[in-house]
Structures are given as C-alpha cells and as structure tokens.
Amino acid sequence: MIIPAEYISLLISIVYTAGVVVFVLLFVLLCNWLERKISAHMQDRLGPMETGGWHGWAQPIADAIKLLLKEDIIPAAADSKLFRIAPYIVFMGSLAGFAVLPFASNLIGTDLNIGVYYVIAVTSIVVIGLLMAGWSSNNKWSLYGAMRSASQMISYEIPVALALLVPVIAAGSMSMNEIVQNQAGGFWNWYVFKTMPFSLIAFIIYFWASLAESNRAPFDLPEAESELVAGYFTEYSGIRFAFFFLAEYSDMFVVSAIAATVFLGGWHAPFPFLSFIPGIVWFVSKAAFLVLVQMWLRWTLPRLRVDQLMHICWKIFLPFSFVNLLLVSLWVVLKG
Amino acid sequence: MKETKELNLPLGPELNKWELLSKGEDPFGEQMTLQMGPQHPATHGVLRLELETDGEAVTKITPYIGYLHRCFEKVAESVTYPQVVPYCDRMDYLAGMNMCLGYVLAVEKLMEIEVNDRVQTLRVMVNELNRIASHCVALATYGLDIGAWTPLLYLFQAREHILDILEELSGARMLFNYIRIGGLAKDIPDNGWTKKVENFLGYFEPKIPELNDLLSYNKIFIERTANVGAMSQEIAIAYGVTGPNLRATGFDYDMRRDAPYSGYENYEFEPQLGSGEQGKPGDCWDRYIVRVREMGESMKIIRQALDRLPEGDVQEKIPKNFNKMPVGEVYTSTEAPRGELGIYLVSDGTKIPYRVKARSGAYCSVSALPAFASGVLIADLVAIVASIDIVLGEVDR
C-alpha cells in the first residue's frame, strides 16, 4: 500500500506539533523549578528541597498533578462559555508562535516567508483570551487585570514590531530561516552586533518591550498580586489556571526565542569552530539565557505603575524605535 | 484644615443612590464601587477599603475597620491589673514589648512605683529591639506591595535574629508577656545574652546600606513612592497622626525625647524627619526612609543601653494582690513603632481596672487615609496603605 504524499506531510506536521507541545510542557516544568530555585537563592532561601530527592526536582510535577486533580470552579455569575474557552485561546496564542521558530537549520514548523509578521500577529491573539477571561469572570479585579493587560500588550506591540523590523530590513527578508542564515560565521555577524548601533538599540528595546508583552516584572501589572489579587485569572482554578500558567511560561520562551533568532544568531554557534555542537543546543541555550535574565529581573525590581508603563512605551520606546528604524533604513539604502 | 470638612459619611447619599437605581436611573455613571479587602493581599490584615473608582483612579476612599476587634478595652475591665498585660501584647502583635510597656507604665504611675535602673535599661533595650523588628516587617511588606519580593526575605531574616534574642529572654517569639508591673518577668539569661545583642547589631549594621541599594534608592521604587500620597502637616495634626508618619511630614515630635519615660532622657538619639528628599515632604518615600533611618537610631540607643546596663534586681516589691489600689486616673503615652500609644487608666480602688482606654497610632493613620489619599490610582493607594504601616490588631484593639 502506498501512502499518499499529502498524508505523510500531515503525519509529519502532527508529530512535529506533538513534539513542540511536549517540549513546551517540559520547558515549563523545568522553568518553574528553576525559577523557584533561582528566586530562592537570590533571597537566601533553599526553595523546594524535599519532593523527588535532589533539590526537589519533582516539585513542579507534583504541582502539575495537584492542579490536574483540583476542582474546576466556574463562578455562578460568570459567563460560562467565555470563561471555559479563554485559557485555551491564551495558550493557543503563545503556542502558535512556535510554528515559525527555527530550532535548527532543518527543524522548523514551517518556514513562512512572512515569519516575523506571523509571530507578531499570532501573539496578539493572547490579548483576546485575556480580555475574555477578565470579562467573563464577572469579578472587578479580573476586569482590571484584563483591561491593564489589553492596554499594555497592545501598546507594547508597536515598539516590539518596530524593533523587530530593524534586523528584517538589514536581512531583507521576513523569513526566520533566512534571517538566521544571514548571521552565520561567528557572533560578530549576529544582528545585535552586525549593524551597530542600530540593532543593539533595537535589541534592548525589544527585550524590555517583550517583558511587557509576556507580563513579566517589572511590567507584571496585569497580575500584580498586591494590587489586583491575581489579575485576570483571579477566579480560575485547577486545569484552567494551569493553562494560564503554561501560557505565561511558554510566552517567556517564545519572546526569548524570537530575540535569539533575529538578534542573537539563532542556531549558529558564537565561534565557527564550535559549530560541531548541534544548532538546537545553541538555539535553546540562547533562549534559555534570556529567560534566565527575565527571572533575574523579576526577583530584583519593583513593579511600575500603569501610567508610568504607558509613559515609557509611548514617550521613550516608540520615538527611539522609530528614529532607529529610519536610520537603519537610510543606512541600508546608502550601503546599497 | 479644609480637607477635614469635606469628609462626609457615605451612609446618607449612598442610600439615595440605591433609591435612584430602583427608579431606573443610573446614579453611578462611570463610577465603579470596589471592595478592597477584608481579604486582599495588600491590606495588611483585615482592613476593608470601599473605593469609588473611575477607571484606575480612586475618587473616594472609605475605610471600614473592626474585623480584628478583640475587645481589649472591655476585657481589661474584667480581669485584674496584672492579667491585662498579656492582652497588651496582642494589640500590636508586631511590637508586643512596646504595647506592654505603655500599659505597665500607666499602672506603675497609678501605684507610684519607681523601678530601678536595670529594669529601665532592659526595658529600653527590648523596646528598641522590638521597634527594629517591627520596622523590618513594615519595610518588607512595603517592598512587597510595590512588587519587590526580595527585600522581604532579607528583612525577615534580620527580624528572625531579633525574635531569637527576645525568645531567649522571654520564652516567646511574638507575644512576650515580658514587661510586668514593677519590673520584668525574668532577668537576662547568663549565657552571654548581651553578647548576642552585640553580635546582632554588628550583623544588622551593614544590612541597612544593603537595603538602601536594593530598594530605597532604586529608580523604580522612587518613581512609585516619591510625590505619592503626600500627607501635609495640617492633616497629620488634625487627625492625630503620630510616630514615623508624623515625623515624615517634617514635624519634629518624638515621645521618647519630648516626654521621656523609662529613662529615655539618658540616651542620645536624633528623631528622624522627612524632608521631601525625593519629592514632597510627607510622601510615601519619606515615610519609608524615616523608618529606615529610625532603625539606625534604635541601634544607637541599644548600644548605649548595653554600655550602661547596671546591676540590680529586675522585680520591685509590689503588693501581692491588687486589692488596695489608689483611686484615680492616669494617662501615659509612649512612642510605639506605629505612633503614640496612650493608655488612659481609671481605677476605682478594686483589683480590676474601672476603665482602660488605649489610643493607638495606627488607628489615627487609618482615619486620615481618606483625607490625603483620595484621587490617586489604585496602585498608588496600595503604596499609601503600605506606607502608613498599620497593624489591624492595633487599629481595632
């Protein structure tokens, strides 16, 4: 029996998607454990030490099981349908970003010729999910959290997009793979260093704005527990809460992975003689490094206020990224 | 003083609003009523704030208290004089020593008991230790409410050392019941307790610059707290706000210096004043930094007390039972970490107090909240509530 070619490609994409989901789950479990340990050591504590033996490595697994077994409470006054759907939309939004992440030269879901544009577009879906969660919970704190996250994420998408356009212009392509291929041959060819100083500025703007995109400190206002109890997921419990949690951590990975792809050379090794190490190792470790920086910031800095957040976005990031974009365009044109 | 007149209780107009609503009109407009507390992570216990909000802006604040009311004053009217002492610990459970001292001084004043120098010095020492512990909690939770997690752990660690020291002394970690009428529960243990206090001071000295690096002069922290919730001197005085909150407005008033008790006149220290260093005088940052600097002053006092600690008995001769109390009334006020603690004591000659009234600093701070905190954002309100450093046990008593 001959299997038609389209079935085979379908099968491959299903397997790849399953692989990505497994990767996300494992990454979230690891990240959760790491974040606890890092925060603990930054704060002179030990963190989880008991579960599973060595430094409590099984703690996130125990937590995941606990969340799965917990009762799924839907408030009587909630808009039940929206309430049920919202966490999946949020998770889907951040999972969809994985489709164009080039883990290695031949390991990419689909090499869209508009990869960067696609990523910016699908990560915006998250906002809809958050708004649905906040609105349907019928809780004032949730509503505040949703409103904050909507205004914050929509505002910060602009500097994120403008910052990502700098390497796109330099590479002359929106395809993730092509952008990475343009950075071959050592760390001095990475876009963060290649078109100095424009892309360095773009990288800094992108990194800070992506913190706001993924609701991490010091921009974690939508879920600021001391102000809004827990923000948009105040009313969620059990597995639905776990989905928000998954989405937050996979969001952290997605924004870091995009930074690694377009600014830090993707799967390329920093030195040519190190290229015998598989590309996926370089890619994941670059992204993981940025995730660690995010954690480090979270446990060091206080939180900004909502108007200060907007001030930074519209009056600092936006003009800088605009001017930066103009200059880099000019530079590309003059260079020919 | 104008602000005080604009306050009106919400009951009357609120009822009218519901009436209008039943007729199909919308009296609330864009306003949303928000219940902040009693179960909210940033209300430091069980304070309930009813907020009228317009978007994120808070247009009106009404604090509701009483969720932690434990009838201190009424209980005090039904137990004997010495039996009241453990209840005092439970008023401000973060500063039990200071609470007990206030009450004990009132009883001693009524009975005209003079305690010796050793008792006085030890009392000053444990008071200042407890003040540092209390300020540690205040600053730690303040950072937490602004979103900085890490200072919380560092400060609680320092507090842990103080609690260990006080535990060795009294056997308890928070509710000490150590300061008694006419003296102290027991003398200091002879395993080098004073050495441990010295060690703690050596350990804590560098912690304050560390805190300043981590939190006090952090750009984001200053952005969040400077120019936020500035309390004017007029409002502070009109509402009877005392303690660090009053000193943060620049008003130089410290009971330890202005009306010394328990031998405070023999110590050298400077009351720390807010000067609007980063913004306006009396803003949240001033209230914060006054507490930080006060910890340094407390350490100075403890050092002096350690140097002078005389020998002596820690319990004066007092009547076995309190059957023959002098008739009369006394008022003492002491400087507790959260403002002036006043104890008004009326005796009718029996062994049970006729009336005990406690005036707490935190209660006055809460009552001033609507006068100086209206018109801010919700996030600012969280910072303001944290900065006035209330303990609901003391507010409700």
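Just so it is clear, none of the values below were taken in a lab; they were calculated from the coordinates. Predicted, not measured: the structure shown is a model, and the values here were computed from it. Quick reminder, even Gly has a Cβ in these numbers, built from the backbone with ideal geometry, and neighbours come from all protein chains shown.
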Revision key, fill the gap. Cβ-Cβ cut-off under 13 Å around B:L214, Lys and Arg +1, Asp and Glu -1: the net charge is -1
Study note, to complete from the structure: In nanometres, the difference between 0.36 nm per residue of separation and the alpha-carbon distance of B:I352 and B:R308 is 12.2 nm
Revision key, fill the gap. If one compares the long axis through the Cα atoms of helix B:284-308 with the longest principal axis of the Cα atoms of chain B, the angle in degrees, nearest 10, works out at 0
Review point. Along region A:86-99, what does the Karplus equation 6.51 cos²θ - 1.76 cosθ + 1.60 (θ = phi - 60°) give for ³J(HN,Hα), rounded to whole Hz, x for Gly and Pro?
Key: 3, x, 5, 5, 4, 5, 4, x, 7, 5, 4, x, 5, 4
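Return the average number of partner chain Cβ atoms within 10 angstrom of each residue Cβ along peptide A:227-233. Before the final figure, lay out the partial values.
Numbers: counts 15, 6, 5, 1, 0, 0, 0.
So the per-residue partner count for this stretch is 4.
Which whole-number percent gives the relative contact order of chain B, counting Cα pairs below 8 Å spaced six or more residues apart? Intermediate values should be presented prior to the final figure.
Details: 753 pairs, mean separation 99.8, N = 397.
The value is 25 percent.
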Study note, to complete from the structure: At R0 = 51 Å the Cβ-Cβ FRET efficiency linking A:W296 and B:N323, nearest 0.05, sits at 0.15
Revision key, fill the gap. Between B:V79 and B:K300, the FRET efficiency computed from the C-beta separation at R0 = 25 Å comes out, to the nearest 0.05, as 0.10
**Study point:** Reachable aspartates and glutamates from B:K300, criterion Cα separation under 13 angstrom, eight or more residues apart if same chain
**Key:** B:E128, B:E198, B:E205, B:E268, B:E270
Review point. From Cα coordinates alone, what are the radius of gyration and Dmax values for region B:72-360 in angstrom?
Key: 19.2, 61
**Study point:** Per-residue mean of C-beta atoms belonging to partner chains within 10 Å, peptide B:212-220
**Key:** 2
**Study point:** Note, ³J(HN,Hα) from phi for region B:49-57, Karplus 6.51, -1.76, 1.60, rounded to Hz, x at Gly and Pro
**Key:** 10, 8, 10, 9, 10, 10, x, 8, 7
Point to revise | Long-range lysine pairs (8 or more apart or interchain), chain A, Cα under 24 Å | key: 6
Point to revise | Sequence-distant residues sharing a close amide H with B:T33 (under 5 Å, placed H) | key: B:T53
**Study point:** Cα centroid separation, region A:59-123 to region B:296-322 (Å)
**Key:** 63
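Mind ranking A:186-196, B:188-198 by how tightly packed they are, going by the mean number of other C-beta atoms within 10 angstrom, highest first?
A:186-196, B:188-198
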Revision key, fill the gap. Given the candidates A:A40, A:I2, A:V21, the one whose Cα lies deepest towards the positive end of the charge dipole of region A:1-69, counting +1 at each Lys or Arg C-beta and -1 at each Asp or Glu C-beta, is A:A40
Check your understanding: By how many degrees, 0 to 90 and rounded to 10, does the Cα axis of helix A:125-136 deviate from the longest principal axis of chain A?
Key -> 20
Check your understanding: Per-residue HN-Hα couplings for region A:231-243, Karplus 6.51 cos²θ - 1.76 cosθ + 1.60 at θ = phi - 60°, whole Hz, x for Gly and Pro?
Key -> x, 5, 9, 3, 8, 8, 9, x, 5, 5, 4, 4, 5
**Study point:** 222 nm mean residue ellipticity, helices alone, for chain A (DSSP H n ≥ 4; -39,500 (n - 2.57); rounded to 500)
**Key:** -21500 deg cm²/dmol
Practice item. Quick one: which residues, 5 or more positions from B:L49 or on another chain, have an amide H under 5 Å from its amide H? H modelled 1.01 Å from N in the peptide plane, none for Pro or chain starts. Key: B:M36, B:G37, B:Y64
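Output the Kirkwood hydrodynamic radius of the protein assembly as shown, Cα pairs only, in Å rounded to one decimal.
On the way: mean 1/r = 0.0345 Å⁻¹.
After inverting the pairwise mean of 1/r, the radius is 29.0 Å.
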Exercise for review: Return the long-range amide H neighbours of B:G183 (sequence gap of 5 or more, or a different chain), with a cut-off of under 5 Å between placed amide H atoms.
Suggested key: B:E316
Revision key, fill the gap. In nm, the gap between the two label points placed 7 Å beyond Cα toward Cβ at B:E168 and B:E112 is 4.0
Study note, to complete from the structure: At R0 = 60 Å the Cβ-Cβ FRET efficiency linking B:E160 and A:S329, nearest 0.05, sits at 0.55
Review point. Label A:M310 and B:S275 with points 7 Å out from Cα along Cα→Cβ: what is the distance between them in nm?
Key: 3.6
Revision key, fill the gap. Rounded to one decimal in nm, the spacing of the 7 Å Cα→Cβ label points at A:Y117 and A:F322 is 2.3
Exercise for review: Compute the acute angle (0 to 90°) between the alpha-carbon long axis of helix B:361-373 and the principal axis of greatest extent of the alpha-carbon atoms of chain B; round to the nearest 10°.
Suggested key: 20
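Enter the mean number of other protein chain beta carbons within 10 Å of the beta carbon of each residue in B:370-379, as an integer. Provide the component values of the computation, followed by the final result.
On the way: counts 0, 0, 0, 0, 0, 0, 1, 4, 8, 13.
Mean number of neighbouring Cβ atoms from other chains: 3.
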Exercise for review: Sort A:99-106, B:91-98 for me by packing, meaning the mean count of neighbouring Cβ atoms within 10 Å per residue, highest on top.
Suggested key: B:91-98, A:99-106
**Study point:** Computed magnitude of the charge dipole of region B:175-248 (debye, nearest 20; Cβ of K, R +1, Cβ of D, E -1)
**Key:** 160
Practice item. Please give the length that would be gained between A:A184 and A:Y7 if that part of the chain were fully extended, namely 0.36 nm times their separation in residues minus their C-alpha to C-alpha distance (nm, one decimal). Key: 60.3 nm
**Study point:** lysines with Cα under 26 Å of B:K317, excluding same-chain neighbours fewer than 8 positions away
**Key:** B:K109, B:K186, B:K351
Practice item. Can you tell me which of B:127-133, B:44-50, B:75-81 comes out highest on packing, and rank the rest after it, using the mean Cβ neighbours within 10 Å? Key: B:127-133, B:44-50, B:75-81
Check your understanding: In deg cm²/dmol and to the nearest 500, what is the mean residue ellipticity at 222 nm of chain B if only DSSP H runs of at least 4 residues count, each as -39500 (n - 2.57), divided by the residue total?
Key -> -14500 deg cm²/dmol
